[in-house]
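Novice: After the structure tokens below, expect a handful of questions from me.
The values are calculated or read from the model by the stated rules, or taken from the named source; none is laboratory data. Values in this document were obtained by computation on a predicted structure and should not be read as measured data. Neighbour counts run over all protein chains shown; Cβ positions are idealised from the backbone, glycine included. All accessible areas refer to the heavy atoms of the entire protein, side chains included, with ligands and DNA or RNA removed. Shrake-Rupley method; radii C 1.70, N 1.55, O 1.52, S 1.80 Å.
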Amino acid sequence: MKGKKILSVVCAAAMTVGLCACGSSSSSTSSDADSTSDSKTESSESASGSIQLLNGKPEIDDQLQSLAKTYEKETGVKVEVQTVGGSNQATASDTLKKDYQAGTMPDIFVCETNQFANWDGMLADLSDQDWVKNTDYAYTDDKNGTIGFPCYIEGWGISYNADVLEKAGIDPSTLTSPDAYKKAFETLDSKKDELGISEVVDYGANNSNLGWSTGTHLFGAYLDGGLAQDDTKYIDMLNDGGQIDEARMKDFADFIALIQQYCNKDIATNGTYDDETAEFAQGKAAFVTQGSWFGANLTSNDDYKANPFKCGIAPFAFEDGMDTICGGATGYWAVYKDSKNVDAAKAFLQWCSEDEAQKIFVEECGFNSPFKNITYTSSDPFAEAMKSYKDAGKFSGLHTFIKKDGLQNETGQVFEDFAKGSIATSDDFVSTIKGVIENYYAN
């Protein structure tokens, strides 16, 4: 990433913004921030034989606790893992705000792309670490150096049921243009009974329920679809006063219109995340507009567990020749610069990048590894697809996370209005979203 440009356009998100865990239904969380902060030793006084790690993904708490025990057994250094998030729990950002005010900051903590600006000048530079040369996904900026250790990578395009597509005679590798999708959708629609599906594609555009999906991820396809991972052309336009490429946006809107033609209209306009993904999990939809994070939901779904099927991710190909998906690191660990344990924290992160720890991250946590020399593949339904795009260098960027904060709430409403028909045509979609974006950046 071009860090100086990125940090210059990221609005400093409020410290109370949550670092939410994907699919965080797990109950394996720590007690809330108040009780843990009271008992935590201050970073400045931490014993040299221990380091503290704040984890914001409760669904992997057990695995991280096991990882910590393995590290302590091998090195003698204790890693105290504090996990927050999930139902009725303080978020990582809530906890970090309290820790910072109390002077009890953890040595290592979870950080998302749009939250690095909150810690400007307060994070340790990790540029000299060996793991940096082994990944393309470290978070780096020109001012502070390498400040984010990539925990995992995620990706999105359009997820598909490979078994249904095979039965219909559709080769997903050919889905690199709007015409190819139109032909595939028409074929699937004509064979619904034969294939045992109810819908061609599951799509949700209700802004209250799924604005994060349309306003962030699908809009992210407009910003990055088909581009090299470091190509910032359209995010640079966006962050320069809210400019868009109207011709590209028109192609994008036409593709959204095609999806709307073959989806469940009630779910598209009123559905929740669970509504959108239910038919796909049951094998009743060929496509769903969700990304690799959806794998965790699938493997915990009773319908999917009873009748599992092979999954893949196809490009969000709204222009001819698009053969990439948006992919990269969406979660990082950062080291607090004023910790007395910076060197110990660096040593732990180096170990986490290596074979033994990565085996746990991939095979037990279900992560897609960001490191070049790791060959493990998780049992996650989308792991194989993610690995194939990564290995082929077919990841476009994730610049949607560095647009002006809150824009997703405004653009998400445009998607909903388009799905409901109050925005009637693709041309109307373009003119509406253009005005919404310009107004948001102006104010």
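Novice: Return the residue satisfying two criteria in turn: it lies in region 295-345 and is among the small types (Gly, Ala, Ser) and in contact with a Cys (Cβ under 8 Å, 6 or more places away or on another chain), and of such residues it is most open to solvent (accessible area, probe 1.4 Å). Walk me through how you get there before you give the answer.
Specialist: First pass over region 295-345, keeping only residues among the small types (Gly, Ala, Ser): 295-296, 300, 306, 312, 314, 317, 321, 327-329, 331, 334, 339, 344-345.
Okay, now just the ones that are also in contact with a Cys (Cβ under 8 Å, 6 or more places away or on another chain), so 295-296, 329, 331, 334.
Working: GLY295: 0, ALA296: 51, ALA329: 5, GLY331: 2, ALA334: 0 Å².
My answer is ALA296.
Novice: Let me ask you something else. Which of the residues belonging to region 394-441 are of a type in the set (A, V, I, L, M, F, W, C) and farther than 17 Å from ASN207 by Cβ?
Specialist: Quick first cut of region 394-441, residues of a type in the set (A, V, I, L, M, F, W, C) only: 395, 398, 401-402, 407, 414-415, 418-419, 423-424, 429-430, 433, 436-437.
Correct list: PHE395, LEU398, PHE401, ILE402, ALA424, VAL430.
Novice: Restricting attention to region 331-352, report how many residues are closer than 14 Å to CYS151 by Cβ and in contact with a Pro (Cβ under 9 Å, 6 or more places away or on another chain).
Specialist: Here the count works out to 3.
Novice: Turning to a different aspect of this structure: Condition first: in contact (Cβ under 8 Å) with a residue 60 or more places away in the chain and open to solvent by less than 50 Å² (accessible area, probe 1.4 Å). Now tell me which residues in region 242-256 satisfy that.
Specialist: Matches in region 242-256: GLY242, ILE244, ARG248, MET249, PHE252, ALA253, PHE255, ILE256.
Novice: Could you check how many residues of region 114-140 are more than 24 Å from ASN373 (Cα to Cα) and either open to solvent by 10 Å² or more (accessible area, probe 1.4 Å) or aliphatic (A, V, I, L, M) (or both)? Before the answer, list the steps.
Specialist: Just the residues of region 114-140 that are more than 24 Å from ASN373 (Cα to Cα), to begin with: 114-124.
After this cut, where a residue has to be either open to solvent by 10 Å² or more (accessible area, probe 1.4 Å) or aliphatic (A, V, I, L, M) (or both) as well, the list is 114, 117-124.
The qualifying residues number 9.
Novice: Let me ask something additional. Kindly evaluate GLY291 against the criterion of being more than 30 Å from THR104 (Cβ to Cβ), assigned to a loop (DSSP other than H, G, I, E, B) and in the same structural domain as GLN101 (by TED's automatic domain parsing). Give the steps one after another, and end with the answer.
Specialist: Working: more than 30 Å from THR104 (Cβ to Cβ): yes; assigned to a loop (DSSP other than H, G, I, E, B): yes; in the same structural domain as GLN101 (by TED's automatic domain parsing): no.
Taking the combined requirement at face value, the residue does not satisfy it.
Novice: Another one. Among SER177, SER190, SER173, SER198, which is outside the structural domain of GLU363 (by TED's automatic domain parsing), of a type in the set (Gly, Ala, Ser) and open to solvent by less than 30 Å² (accessible area, probe 1.4 Å)?
Specialist: The unique qualifying residue is SER177.
Novice: Answer yes or no as to whether ILE259 is over 22 Å from ASN207 (Cβ atoms), open to solvent by less than 20 Å² (accessible area, probe 1.4 Å) and at pLDDT 95 or above.
Specialist: Working: over 22 Å from ASN207 (Cβ atoms): no; open to solvent by less than 20 Å² (accessible area, probe 1.4 Å): yes; at pLDDT 95 or above: yes.
Spelling it out, it is not the case that ILE259 is over 22 Å from ASN207 (Cβ atoms), open to solvent by less than 20 Å² (accessible area, probe 1.4 Å) and at pLDDT 95 or above.
Novice: Return yes or no: is VAL414 open to solvent by less than 10 Å² (accessible area, probe 1.4 Å), of a type outside the set (S, T, N, Q) and not assigned by TED's automatic domain parsing to the domain that holds PHE294?
Specialist: No; evaluated as a whole, the condition is false for this residue.
Novice: Continuing with this model, one more query. If the Cβ limit is 7 Å and pairs must be 6+ apart or interchain, which residue in region 284-298 that is of a type in the set (Phe, Trp, Tyr) pairs with which residue that is assigned to a strand (DSSP E or B) and open to solvent by 10 Å² or more (accessible area, probe 1.4 Å)?
Specialist: From residues that are of a type in the set (Phe, Trp, Tyr), the pairs are PHE287/TYR160; TRP293/GLU154.
Novice: Just need a number here: residues in region 425-443 that are of a type in the set (A, V, I, L, M, F, W, C) and open to solvent by 70 Å² or more (accessible area, probe 1.4 Å). Before you say what the answer is, go through the steps one by one.
Specialist: Step one: filter region 425-443 for residues of a type in the set (A, V, I, L, M, F, W, C), giving 429-430, 433, 436-437, 442.
Keeping just the survivors that are open to solvent by 70 Å² or more (accessible area, probe 1.4 Å) gives 442.
Looking only at that region, the number is 1.
Novice: Any residue that is closer than 21 Å to GLU384 by Cβ, assigned to a loop (DSSP other than H, G, I, E, B) and out of contact with any Ser or Thr (no Cβ under 6 Å at 6 or more places or on another chain) - is there at least one of those in region 131-154? Don't jump to the end; show me each part of the working.
Specialist: The initial filter retains those residues of region 131-154 that are closer than 21 Å to GLU384 by Cβ, namely 135-137, 150-154.
With the extra rule that they be assigned to a loop (DSSP other than H, G, I, E, B), the set shrinks to 136-137.
Narrowing further to those that are out of contact with any Ser or Thr (no Cβ under 6 Å at 6 or more places or on another chain): 136-137.
Within region 131-154, one or more residues are closer than 21 Å to GLU384 by Cβ, assigned to a loop (DSSP other than H, G, I, E, B) and out of contact with any Ser or Thr (no Cβ under 6 Å at 6 or more places or on another chain).
Novice: Right, next: May I ask you to list the residues in region 367-391 that are open to solvent by 60 Å² or more (accessible area, probe 1.4 Å) and not hydroxyl-bearing (Ser, Thr, Tyr)?
Specialist: First, the residues of region 367-391 that are open to solvent by 60 Å² or more (accessible area, probe 1.4 Å): 372-373, 375, 377, 379, 384, 387-388, 391.
Selection gives LYS372, ASN373, GLU384, LYS387, ASP391.
Novice: While we're on this one: Please work out if ASN206 is over 23 Å from ALA385 (Cα atoms), of a type in the set (S, T, N, Q) and under 23 Å from the mean Cα position of the chain (by Cα). Working first, answer last.
Specialist: On the way: over 23 Å from ALA385 (Cα atoms): yes; of a type in the set (S, T, N, Q): yes; under 23 Å from the mean Cα position of the chain (by Cα): yes.
So ASN206 fits the description; yes.
Novice: Being at pLDDT 85 or above and within 27 Å of HIS399 (Cα to Cα) is true for just one of LYS97, LYS2, LYS78, LYS73. Which residue is that?
Specialist: Values: LYS2 fails: at pLDDT 85 or above; LYS78 fails: within 27 Å of HIS399 (Cα to Cα); LYS73 fails: within 27 Å of HIS399 (Cα to Cα).
None of the others qualify; the one that does is LYS97.
Novice: Scan region 178-195 and give yes if some residue there is more than 21 Å from the chain's Cα centre (by Cα), without any contact (Cβ under 8 Å) to a residue 40 or more places away in the chain and not in a helix (DSSP H, G or I), otherwise no.
Specialist: There is at least one residue in region 178-195 that is more than 21 Å from the chain's Cα centre (by Cα), without any contact (Cβ under 8 Å) to a residue 40 or more places away in the chain and not in a helix (DSSP H, G or I).
Novice: So in region 126-137, with the set limited to residues that are within 24 Å of the chain's Cα centre (by Cα) and in contact (Cβ under 8 Å) with a residue 24 or more places away in the chain, which one is farthest from TYR332 (Cα to Cα)?
Specialist: Among residues in region 126-137 that are within 24 Å of the chain's Cα centre (by Cα) and in contact (Cβ under 8 Å) with a residue 24 or more places away in the chain, the one farthest from TYR332 (Cα to Cα) is ASN134.
Novice: Of the numbered conditions (1) in contact with a Phe, Trp or Tyr (Cβ under 6 Å, 6 or more places away or on another chain); (2) in a helix (DSSP H, G or I); (3) of a type outside the set (Lys, Arg); (4) at pLDDT 95 or above, TRP333 fails exactly one; give the number of that condition.
Specialist: So the condition that TRP333 fails would be (2).
Novice: Let me ask another. From the set of residues in region 67-85 that are under 14 Å from TRP351 (Cβ atoms) and not in a helix (DSSP H, G or I), which is most open to solvent (accessible area, probe 1.4 Å)? Explain how you work it out, then say what you get.
Specialist: Applying the first criterion (under 14 Å from TRP351 (Cβ atoms)) to region 67-85 yields 67-79.
Adding the requirement that they be not in a helix (DSSP H, G or I) leaves 76-79.
Details: GLY76: 54, VAL77: 30, LYS78: 91, VAL79: 9 Å².
Taking the candidates together, the pick is LYS78.
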